[in-house]
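Remarks on the structure that follows.
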Amino acid sequence: MMRYKIFYLSNFKKLYTMRNGIVHAISRVISNVLVKDTSETSIKTRDSLLGILQERLRDTNAYTRSKVIQCWGHLCQEKAVPLNLLPEIVDIIIGRLHDKSAFVRKAAVQFLITILEYNPYGHSLEKSLYQQKLEDAKSSLNKATDSQEKQKCTTLIAYSTEALKFIEQIESAIPVAVRLLNSKTSSDVLECIH
């Protein structure tokens, strides 16, 4: 019932300020309450609320799109975004670098700065490092004899693959950020310099 009420309020067409308040509240509930609780009910609730935030990335109002991107940045700082959802969110927000609104482009650039600083793959995002880890894990998997060792190698393969995907996403955003440096809008240029 609560999800239905939040969904109804978040789709209220004329009051973008209401939607902004709702996405802000949702992000704080996720980061302050639901991340700490690992029960099945909390995980389902978290995923449902993350779905609402993901929908709001496509809101018709630029202020709401900007606000929800800021909320995703907060969730990344708090390590509250599941790793399986992160690539999709990063892709959507990279797409927002092309948004018609300067507010949204500015929020997208700030998000990219935040995700680089708080990414789950560490401070070094060298592609060759993760390619080597991936190759080593694959060869170790072929040599592994017990199930525990195989599970460890499988986990490392998945982690390295996701890290490489993340690095490629960030690399794809760099040319867009460079184009924003040539923008006629001063806030685009200032955010890219930051």
When Lys184 is evaluated against the numbered criteria (1) open to solvent by 30 Å² or more (accessible area, probe 1.4 Å); (2) within 26 Å of Gln77 (Cβ to Cβ); (3) modelled with pLDDT under 85; (4) not polar (S, T, N, Q), which criterion, by number, is the only one it fails?
-> (2)
Of everything in the range 141-164 that's within 23 Å of Glu88 (Cα to Cα) and among the hydroxyl-bearing types (Ser, Thr, Tyr), which residue is least open to solvent (accessible area, probe 1.4 Å)?
-> Ser160
Taking into account only those residues within the range 32-44 that are assigned to a helix (DSSP H, G or I) and modelled with pLDDT under 90, which is surrounded by the fewest Cβ atoms within 10 Å (Cβ to Cβ)?
-> Glu40
Give the residue, chosen from Lys100, Lys138, Lys127, that is open to solvent by 60 Å² or more (accessible area, probe 1.4 Å), more than 16 Å from the chain's Cα centre (by Cα), under 30 Å from Asp59 (Cβ atoms) and basic (Lys, Arg).
-> Lys100
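The values are calculated or read from the model by the stated rules, or taken from the named source; none is laboratory data. Every value quoted in this text rests on a predicted model; they were computed, and no experiment measured them. Quick reminder, even Gly has a Cβ in these numbers, built from the backbone with ideal geometry, and neighbours come from all protein chains shown. Just the protein is used for accessible areas: all its heavy atoms, side chains included, with ligands, DNA and RNA removed. Shrake-Rupley method; radii C 1.70, N 1.55, O 1.52, S 1.80 Å.
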